[in-house]
Amino acid sequence: MVTTTTPTARHAAAPTANAPLRGRRSPLASVALHVTLIVASVVAVFPVLWVLLTSLKPAKYATTTDFFKETTFENYTNLLRDTPFLTWFGNSLLVAGLTTVVGVFISATTGYAVSRFRFPGKRGLMWTLLITQMFPVAVLIVPIYNIMASLGLLNQSAGLVITYLTIAVPFCAWMMKGFFDGIPREIDESGYVDGLTPFGTFWRLILPLAKPGIAVTAFYSFITAWGEVAYASAFMVGDENLTLAGGLQKFVNQYGAQWGPMTAASVLIAIPAALVFLFAQRHLVTGMSAGAVKG
């Protein structure tokens, strides 16, 4: 059987020469898009590049506009040799590490519990986790300071870890709940059939499937503790107890700032955060989108 196409059908099927293809960007729009992306990239990279180059200049040229001026590593050697930077670095690493480990555990177990089980006060718990995110640091710092003082946890790493957990856990628990909601409940049921306890099911079956959410939780908890300034400055005193956030303030006084050591310290502080990001980056988009969409 031979089919024929009428002239009208051929005319309707063939695209007209003057009609633009759908989805094709005009040359002017393409140029505007590329220019916008270039400008945005320069704006994002310039401050980081400026700090890096300033850390490699002698102190007398720190505030000049020359990118390269007598390049030297003197700022780094002086920072590591003449200041308690390594002590501050160790304190920050301890606080951030504990906050990350404890925050991931509490957030994951809380998110799994509210995702899978029904219990009295469940709705109130979720509302409490949500409402705590609405208060700014300026409102919370005084009551938390008084609580830590009454418990004898001021100037203690444990007090700072507990404080950071109050920031990280509510957000991460909500996110983990959304992620666990996307994991089929049949997996839990298969674990119960095999004789696993609820915690055993969570630990052996569900948690391995939640790696993207765990990566986002770990990254957020680490960054919360690593870069926080207000609580660290208010709760910790003495060079031997300061974290990096409080230590950097030693380079600024009422008469000026020591730009060389401060920029060198900023570069070194950024390295652990960058390493954590590189370790978790392949899971970040999946984890964040799963926690947001499925919540």
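The values are calculated or read from the model by the stated rules, or taken from the named source; none is laboratory data. This is a predicted model, so every value here is computed, not measured. A quick note on method: Cβ atoms are made from the backbone with ideal geometry, for glycine too, and the neighbour counts reach across all protein chains shown. Protein only, heavy atoms only, side chains kept; ligands, DNA and RNA dropped before computing areas. Shrake-Rupley method; radii C 1.70, N 1.55, O 1.52, S 1.80 Å.
With both labels modelled 7 Å from their Cα along Cα-to-Cβ, the Thr77 to Glu240 distance reads 2.9 nm. Look at the alpha carbon pairs under 8 Å that are at least 6 residues apart: their mean separation over the length of the stretch 95-172 gives a relative contact order of 63 percent.
Legend: P(r) of the stretch 154-215 from all alpha carbon pair distances, 5 Å bins from 0, whole percents, reading 4, 16, 20, 17, 14, 12, 8, 6, 2, 1. Among residues other than Leu80 with Cβ under 15 Å from its Cβ, the summed charge is -1 (Lys and Arg +1, Asp and Glu -1). Rg/Rh for the stretch 54-202 (Cα atoms only, Rh after Kirkwood) is 1.18. Distances between placed amide hydrogens fall under 5 Å for Leu56 paired with no residue 5 or more residues away or on another chain. Each Lys and Arg Cβ is given +1 and each Asp and Glu Cβ -1; about its Cα centre, the chain then shows a dipole of about 1060 debye.
If R0 equals 30 Å, the separation of the Cβ atoms of Asp194 and Thr109 corresponds to a calculated FRET efficiency of about 0.90. Full extension of the chain between Val48 and Thr128 gives 25.0 nm of extra length, using 0.36 nm per residue less the Cα-Cα distance.
Using R0 = 30 Å, the C-beta based FRET efficiency linking Gln156 and Ala40 works out to 0.10. Under the shape rule built on the C-alpha gyration tensor, where the axes satisfy a ≥ b ≥ c, the stretch 138-284 is prolate, since a/c reaches at least 1.5 and a/b is greater than b/c.
Structure remark: mean-square fluctuation, Gaussian network model of the chain, C-alpha springs under 10 Å; the largest value among Pro170, Pro208, Pro272 belongs to Pro208. Scalar couplings 3J(HN,Hα) for the stretch 198-213, obtained by applying the Karplus form with A = 6.51, B = -1.76, C = 1.60 to θ = phi - 60°, are x, 5, x, 4, 4, 6, 9, 10, 7, 4, x, 7, 9, 4, x, x Hz; x denotes Gly and Pro. Restricting attention to the chain, the count of lysine pairs at 8 or more positions apart or across chains with alpha carbons under 19 Å apart stands at 7.
In this view, the solvent-accessible surface of Leu80, computed with a 1.4 Å probe and all protein chains in place, comes to about 80 Å². Estimated at 0.36 nm per residue, the fully extended path between Lys69 and Arg118 surpasses their Cα-Cα distance by 11.1 nm. Translational diffusion coefficient of the stretch 41-113 (Stokes-Einstein, Kirkwood radius from Cα pairs, 10 °C, 1.306 mPa s): 102 µm²/s. Between the listed residues Gly200, Ser233, Thr83, the Cα displaced farthest toward the positive end of the dipole of the chain, a dipole computed from Cβ unit charges relative to the Cα centre, is found at Gly200.
If you place +1 on the Cβ of every Lys and Arg, -1 on the Cβ of every Asp and Glu, and leave all else neutral, what size is the dipole of the stretch 54-140 about its Cα centre, to the nearest 20 Debye? In total the dipole reaches around 620 debye.
Would you indicate which of (i) 15.3; (ii) 22.2; (iii) 29.2 is the value of mean projected area of the Cα convex hull in nm² derived from the coordinates of this structure? Correct label is (iii). Calculated accessible area for the chain comes out at 61 Å² per residue, all protein chains present (probe 1.4 Å; ligands, DNA, RNA ignored). Using a cutoff of 8 angstrom between alpha carbon atoms and counting only pairs six or more residues apart, the relative contact order for the chain works out to 28 percent. Remark: the Leu140-Arg185 segment gains 12.4 nm on full extension, using 0.36 nm per residue and subtracting the alpha carbon distance.
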